[in-house]
Amino acid sequence: MKTTVIGAGVIGLCCAYELAELGHDVTVIDAGAVGAEASAGNAGWITPFLSTPRAAPGAVGDAIRSFTSTEGPARMQPHAELGFATWIASFLRASTKRRNAHGTAALQGLAAEAHAHFAALTDRGVVFEEYTEGLGVVCKKDENLDHYEDLVAKMRSLGYDGGVTVYRGSEVAGFDEAISRDVAGVVHLESERHVRPESLTQGLAKAIESNGGTVIEHDAVRVISPQGRGTWFVATESGREFTSSNVVVAAAYATRKLLKPLSITVPLEAAKGTSMTALGEGVAPSHPLKLYENMVACSPFGRAVRLSGTFDIGVRDHKLNRKRLDMVVRQGLGFLESWRPTDVEVEWVGHRPTTVDDLPVIGPVPGRDGLYVATGHGTLGVTLGPVTGALAAAEIARGDRTELLDPFRITRF
């Protein structure tokens, strides 16, 4: 059976890989290079513990306050279009305590399978750069460290079973000597992992091609249209044409535009992130670190270190905002004792596709046989990529509907 996957980020590639493993003739199409958008410069964390929606009590207020400050990790850029105002209103409605609890439980159920699905990729020969030292949440303030200790109990009640150790004061240097001596402490999430995301997308693309699939880069999809029962037509800007039984739209924020001509609404917004990856001098971190007070992510990749952050909703351009990147780097370095960048490898911006409830959209489109959507994973694309791909492929290839995906169906909108 032929399947066309639109989007060569981690979600689209995971879906395509699993479908190829199940015997589908898969073609992946992307407007840019493999993994060049949101998958290119993110932190690369595989973190079930942190799999929670940003649509939470206080989230909108924090973003609104950021209008008057350049220092906040999240910002919101208003647009005149009616759709943006509707998105904000829907995000506000999803940010109640009750809906946040429902979303957290749903994400925890899906993320609980994350590590097993990464192991399955490795077992089947997909090659990527992976690290298994866990993840440290670094807090400068005692009250924030206490908050995270309380959060562990909540996550335990939702089924999280990873090891957790708390280091305070002078104990921190023994955990990771790169961390500044003036922090209150670190919560070490021992079971979490991280990958270099560029290596993951490249490894998946090679595995797809090894399974007989095709990966097409730098050719944007122009149109998706049904061609009778059980057949879909896809045409690209360069004039390529494809006919297949299934189409999986995993094109991140661009999914919204691609599906609009089919009268399918996916309430997505762009959340712009930025990062710097560099070699440096001084003691580099030996663990990935969530630098809590400033919401900066720090990921060591061999000799390189990546500092990433910002969640700028509605900022849809691809221009590097020097002030925002400099803020991320400056705030990140404020948590490190001696490491400083000397040789910058990459400066990156990209858009995390974010829905109104900050939960992904995964599943078939009702009334459109053969059309499937997998997008909206926000900052959890790496964590949830392989499990999304495996479950989506099972639904497409075998009709194996799974309850784990029910909270993420497009019908909830």
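The values are calculated or read from the model by the stated rules, or taken from the named source; none is laboratory data. Just so it is clear, the model here is predicted, and its values are computed rather than measured. All Cβ positions, even for glycine, are placed from backbone atoms using ideal geometry, and neighbour counts span all protein chains on display.
Which one is farthest from the chain's Cα centre (by Cα) among residues in segment 193-227 that are part of a strand (DSSP E or B) and more than 28 Å from Asp369 (Cβ to Cβ)?
Within segment 193-227, the match that is farthest from the chain's Cα centre (by Cα) is Arg193.
Can you find a residue in segment 276-287 that is among the polar types (S, T, N, Q) and part of a strand (DSSP E or B)? Before you say what the answer is, go through the steps one by one.
So the first thing to find is which residues in segment 276-287 are among the polar types (S, T, N, Q), and the list is 277, 286.
This time we only want the ones that are part of a strand (DSSP E or B), so: 277.
Looking through segment 276-287, at least one residue is among the polar types (S, T, N, Q) and part of a strand (DSSP E or B).
Taking segment 251-271 as the search range and keeping residues that are assigned to a loop (DSSP other than H, G, I, E, B) and touching a residue at least 40 places away in the same chain (Cβ under 8 Å), which one is surrounded by the fewest Cβ atoms within 10 Å (Cβ to Cβ)?
It comes out as Thr265.
Buried (at least 16 other Cβ atoms within 10 Å of the Cβ) and touching a helix residue (DSSP H, G or I) at 6+ places or on another chain (Cβ under 6 Å): is that true of Phe128 in this structure?
Criteria met by Phe128.
Kindly indicate the residue of segment 288-316 that is assigned to a strand (DSSP E or B) and β-branched (Val, Ile, Thr) and also farthest from His79 (Cα to Cα) among those meeting that condition.
Val305
Considering each of Gly136, Gly125, Gly169, Gly174 in turn, give the residue that is in the same structural domain as Gln331 (by TED's automatic domain parsing) and over 24 Å from Glu293 (Cα atoms).
Working: Gly136 fails: over 24 Å from Glu293 (Cα atoms); Gly169 fails: over 24 Å from Glu293 (Cα atoms); Gly174 fails: over 24 Å from Glu293 (Cα atoms).
On inspection, the qualifying residue turns out to be Gly125.
Please determine, by comparing only the residues of segment 232-246 that are in a strand (DSSP E or B) and of a type outside the set (S, T, N, Q), which one is farthest from Asp219 (Cα to Cα).
In this case the residue turns out to be Trp232.
Pairs needed: first member in segment 224-245, more than 15 Å from His24 (Cα to Cα); second member anywhere, part of a strand (DSSP E or B) and at pLDDT below 95; C-beta distance under 9 Å; at least 6 residues apart or different chains.
The qualifying pairs do not exist here.
Test of understanding: among Thr274, Thr201, which residue is surrounded by 22 or more Cβ atoms within 10 Å (Cβ to Cβ), out of contact with any strand residue (DSSP E or B) (no Cβ under 9 Å at 6 or more places or on another chain) and hydroxyl-bearing (Ser, Thr, Tyr)? Can you show your working first?
Working: Thr274 fails: out of contact with any strand residue (DSSP E or B) (no Cβ under 9 Å at 6 or more places or on another chain).
Going through Thr274, Thr201 in turn, the sole match is Thr201.
Can you tell me which residues in segment 177-209 are of a type in the set (A, V, I, L, M), touching a Cys at 6+ places or on another chain (Cβ under 7 Å) and assigned by TED's automatic domain parsing to the domain that holds Ala297?
Once the filter is applied, which keeps residues that are of a type in the set (A, V, I, L, M), touching a Cys at 6+ places or on another chain (Cβ under 7 Å) and assigned by TED's automatic domain parsing to the domain that holds Ala297, segment 177-209 yields Val183, Ala184.
Take the conditions assigned to a helix (DSSP H, G or I), surrounded by fewer than 23 Cβ atoms within 10 Å (Cβ to Cβ) and either outside the structural domain of Arg256 (by TED's automatic domain parsing) or not charged (D, E, K, R) (or both) and apply them to Thr388. Does it pass?
Working: assigned to a helix (DSSP H, G or I): yes; surrounded by fewer than 23 Cβ atoms within 10 Å (Cβ to Cβ): no; either outside the structural domain of Arg256 (by TED's automatic domain parsing) or not charged (D, E, K, R) (or both): yes.
For Thr388, the condition - assigned to a helix (DSSP H, G or I), surrounded by fewer than 23 Cβ atoms within 10 Å (Cβ to Cβ) and either outside the structural domain of Arg256 (by TED's automatic domain parsing) or not charged (D, E, K, R) (or both) - is not met.
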